[in-house]
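Read the structure below first, then the notes.
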Amino acid sequence: MRTRRPGLQGKWTHVVDILGEIIPSYEKTSSRISLFSDRRLRPAAVWFAVSSGSLVLDLGAGPGTMSRLVAKAGGTPVLLDASRNMLRASSFENRVQAVFENLPFMEGTFDGVVAGFALRDSVDLLTAVSEIAGVLKRSGRFAFCDLGKPDSPLVSALLGCYLRVMPSVIGVVTGGRSGLRYAAIFDTYILALHNSQLCSLLSGYFDKVLLEESQFGGSIVVKCTKQSDQTGQLRDQGPDTRGRDVAPRSPSVASAASA
């Protein structure tokens, strides 16, 4: 039996289309769905990965929620998102429309990488993590917050029940009928790795991986430090594109907002 690679795979286009439709209520609704834990989780991730003067890639940046925190911490954010509409909603200049699995930057470009409730939306998680490690400088840091999938079957099932019902309810209350589209969060949760599996995958690309769980494992912050000498321990499990020769592209709003 063929093992399924982690990531949204065929569900990805559907999820990205939905994200483009819920922009007006995105930040407020997402915060409420997380029971306002995002107010604590996002700063924790940024605090770890960002230092004054650092160049920081914000994956799945959306309207710039994490990037505002990056800028406040003294870093220079580069926003990357697959949704052109999401990027248009941001006021930051450095915006790039691209996917996690094919980051259009030279190896070792960034001092830090952050992601807020976005990594589980990867098409292919193995390839995405390989790309992230590749664009980080040696000893660079990657930190993200996200929904967690507890290792306990019981707790995981209970959280699944919450995500099956409440995102749509909260979405409708917050943003009207379009809030029904938040039901897609449940699909991303079902396809996500359990917390321990996620850390095991990350450990193949990063020297140190620290998992911080809250809400019984339903909310996580993961803090990763890149290996000084990247040896690509998981190359036999998925494509490694770190060695490609990609000309550096100056992140520009034109790449996301033209046409």
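Observations on the model:
- For the Cα trace of segment 85-157, dividing Rg by the Kirkwood Rh returns an Rg/Rh value of 1.03.
- Contact order for the chain, expressed relative to its length and based on alpha carbon pairs under 8 Å spaced 6+ residues apart, stands at 24 percent.
- Counted by Cβ distance under 10 Å from Arg141, the other residues give a net charge of +3, where Lys and Arg count +1 and Asp and Glu count -1.
- Summed side-chain charge close to Gly179 - residues other than Gly179 whose Cβ falls under 11 Å, Lys, Arg +1, Asp, Glu -1: +3
- As a rough guide to protection, the peptides 167-179, 149-161 ranked by mean Cβ packing within 10 Å, highest first, stand as 167-179, 149-161.
- Multiplying the residue separation of Arg39 and Lys72 by 0.36 nm and removing their Cα-Cα distance gives an extension gain of 10.4 nm.
- Taking other residues whose beta carbon is less than 14 angstrom from the beta carbon of Ser51, and scoring Lys, Arg as +1 and Asp, Glu as -1, yields +3.
- Computed from point charges on the beta carbon alone (+1 for Lys and Arg, -1 for Asp and Glu), the dipole magnitude for the chain about its Cα centre is near 400 Debye.
- 3J(HN,Hα) couplings calculated from phi for segment 135-147 with the Karplus curve 6.51 cos²θ - 1.76 cosθ + 1.60 (θ = phi - 60°) are, in sequence order, 7, 7, 5, 4, 6, x, 10, 10, 9, 8, 10, 6, 5 Hz; Gly and Pro show x.
- Farthest towards the positive end of the charge dipole of the chain, among the residues Ala82, Leu35, Ala118, is the Cα of Leu35, using unit charges on the Cβ of Lys, Arg, Asp and Glu.
- If R0 is 41 Å, the Cβ-Cβ spacing of Arg164 and Arg84 corresponds to a FRET efficiency of close to 0.85.
- Modelled label reach - Ser139, point 7 Å along Cα→Cβ, segment 79-119 residues with backbone N closer than 19 Å: 108-113
- The label point for Ser200 and the one for Trp47, both projected 7 Å from the Cα toward the Cβ, are 3.1 nm apart.
- Using θ = phi - 60° in the Karplus curve 6.51 cos²θ - 1.76 cosθ + 1.60, the 3J(HN,Hα) couplings for segment 32-38 round to 5, 4, 7, 6, 6, 5, 4 Hz; x is entered for Gly and Pro.
- At full extension, Arg4 and Phe216 could sit 73.7 nm farther apart than now, given 0.36 nm per residue minus the alpha carbon distance.
- What the Cβ-Cβ distance of Glu93 and Glu27 gives, at R0 = 35 Å and to the nearest 0.05, is a FRET efficiency of 0.95.
- Among beta bridges that DSSP assigns inside the chain, antiparallel share in %, nearest 5: 45
- Ellipticity estimate at 222 nm from DSSP helix runs (n ≥ 4, -39,500 (n - 2.57)) divided over the chain, nearest 500: -11000 deg cm²/dmol
Readers should treat all values here as calculations from the given coordinates under stated rules, not as data from a laboratory. A quick note: this is a predicted structure, and the numbers were derived from the prediction, not measured. Every residue, glycine among them, receives a Cβ derived from its backbone with ideal geometry; neighbour counts consider all protein chains shown.
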